[in-house]
1. Does anyone have the angle between helix 150-161 and the longest principal axis of the chain? Alpha-carbon axes, 0 to 90°, nearest 10?
2. Out of all DSSP beta bridges in the range 138-267, what portion is antiparallel? Express it as a percent rounded to 5.
3. For the ranges 68-75, 376-383, what's the packing order if you count other beta-carbon atoms within 10 Å of each residue, average per peptide, and put the highest first?
4. Given an 8 Å cut-off on Cα distances and at least 6 residues of separation, report the relative contact order of the range 138-267 as a percent.
5. To check you understand DSSP bridge types, tell me what percent of the beta bridges within the chain (both residues inside) are antiparallel, rounded to 5.
6. Classify the range 138-267 as rounded, prolate or oblate, taking a ≥ b ≥ c as the square roots of the eigenvalues of its Cα gyration tensor: rounded when a/c is under 1.5, otherwise prolate if a/b is larger than b/c and oblate if not.
7. On a 0 to 90° scale, report how tilted helix 2-12 is relative to the longest principal axis of the chain, with both axes built from alpha carbons and the result rounded to the nearest 10.
8. Which order do peptides 51-60, 26-35 fall in by mean Cβ count within 10 Å, highest first?
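The values are calculated or read from the model by the stated rules, or taken from the named source; none is laboratory data. Everything quoted here is computed from the prediction, not taken from an experiment. Neighbour counts run over all protein chains shown; Cβ positions are idealised from the backbone, glycine included. Accessible surface is based on the protein model in full, side chains and every heavy atom, while ligands, DNA and RNA are left aside. Shrake-Rupley method; radii C 1.70, N 1.55, O 1.52, S 1.80 Å.
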Amino acid sequence: MTVRRRSLALALLPAPALAQAPPHVVVIGGGFGGASGARALRGHGLGVTLVEPNPTYTACPFSNAVIAGLRPMQQQRFGYAGLRTQGITVLHAAATGIDAVARRVTLGDGSVLGYDRLLLAPGIALRFDALPGYDEAASALLPHAWQAGAQTELLARQIEAMEDGGTIVMAIPANPYRCPPGPYERASLIAHVLRTRKPRSKLLVLDAKDAFSKQRLFESAWAALYPGLLEYVPLSAGGRVTGVEAEGRAVVTDFTTHHGDVVNVIPPQRAGDIARIAGATDRSGWCPIDPASFESRLLPRVHVIGDAAIAGAMPKSAFAANAQARVCAAAMAALLRGTAVQTPKLLNTCYSLVAPSYGISVAGAYQPSNGLLADIAGAGGTSPIDAPAAVRAAEAAYAEDWFETITADAFG
Ligand code: FAD
């Protein structure tokens, strides 16, 4: 009797539920975009394989505090055990090739993965061909520290070892690049180190542009906290670095050569190499996408999120990569199941520290418009320019809370 009931129940089950595995997505890159995307895709009931070479991810947000000796590097590191417990297959390998027609990814060991759709989130590559004299070997002397890890620790060590009375030079690129306010947060926290521990020293900040994120907030904080210590040189005053002399610890501008005891060169950037190898980048070096689904405009069934994507008004930030991951995962699930892709609204907030317990922020909201992600007018803003110290301290605490939340969401 029991046996007969069971076979009846089986007979009533719809055939596909027994026969078909869910559609499968391969995610390339296990940073803020890829890890968040893998989890969101899994949440939609899809099969997910994440491909990431490193067993430990080292986060850039708050790495400027590590450089300033205000935070241990250990707090920047995250593993992938949390993703595995969600049922995500995590492979520690680099993707070396993508065949978007055959829907196949080749890994460094020669193995091949098939997919129904592909999510590309490889972050940035540093353009070591863009500044004469600044290649990978030069970055061992003049660190960029724009990909967190050994470079972050190298710059921290160099600043720590510099004698009081020394000069630190920073070179900041033109847009677009990863984390628009990041260089100015770094300048602020380095200035904090000098003010508190090496007060006879100087920081020279050379910029290849005239305007930057949260500029009024940064400049008023610099005037109040670091007068005579931090000198900012914009493009129009000769701030654009055109070459680097690594052995001489110097950078060259249109007007002169600046020598430093420590030199931090942040070079121009483009999408991670695998995006170019796949054919997902345009002449800008970044990946054009549809702003509702994040599907590549160049490769079918391939979606691109995070720093690698051209996301219009949305900045290249961890917050943005995480927000894009959720929207993109929902769109991929809809496309795989043949339902409509919703028109999204996305948010971003970027916090910066200008000193310990002194935080400022900029927030924005974005939606598709004319094929790009555009600002939603009136929906964003920055911290007030004349806020009391308690507000700045609260924003510094919110920044910490944000970091805990986003890293738990991506890796927890
Ligand atoms: P990433 O996080 O770089 O991840 C890309 C991943 O792809 C990497 O793990 C890499 O190993 C992997 N990968 C690359 N190629 C391959 C391949 N061929 N195969 C497999 N895997 C591959 N953002 C904020 O929101 N708030 C902040 O306060 C903030 N502060 C910052 C401070 C600094 C100093 C810097 C440099 C950045 C900061 N950012 C901040 C920006 C933030 O770090 C990036 O925007 C974010 O990491 C982008 O996420 P992503 O997933 O696109 O790229």
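1. So the helix axis and the longest Cα principal axis differ by about 20 degrees.
2. Numbers: 7 of 21 bridges.
DSSP beta bridges in the range 138-267 are roughly 35 percent antiparallel.
3. Details: 68-75: 15.2, 376-383: 13.0.
Taking the mean over residues of other Cβ atoms within 10 Å, the ranking is 68-75, 376-383.
4. Details: 228 pairs, mean separation 44.7, N = 130.
Relative contact order comes out at 34 percent.
5. The answer is about 55 percent antiparallel.
6. Details: a/c = 1.26, a/b = 1.03, b/c = 1.22.
Since a/c stays below 1.5, the shape of the range 138-267 is classed as rounded.
7. 70
8. On the way: 51-60: 18.5, 26-35: 29.9.
Taking the mean over residues of other Cβ atoms within 10 Å, the ranking is 26-35, 51-60.
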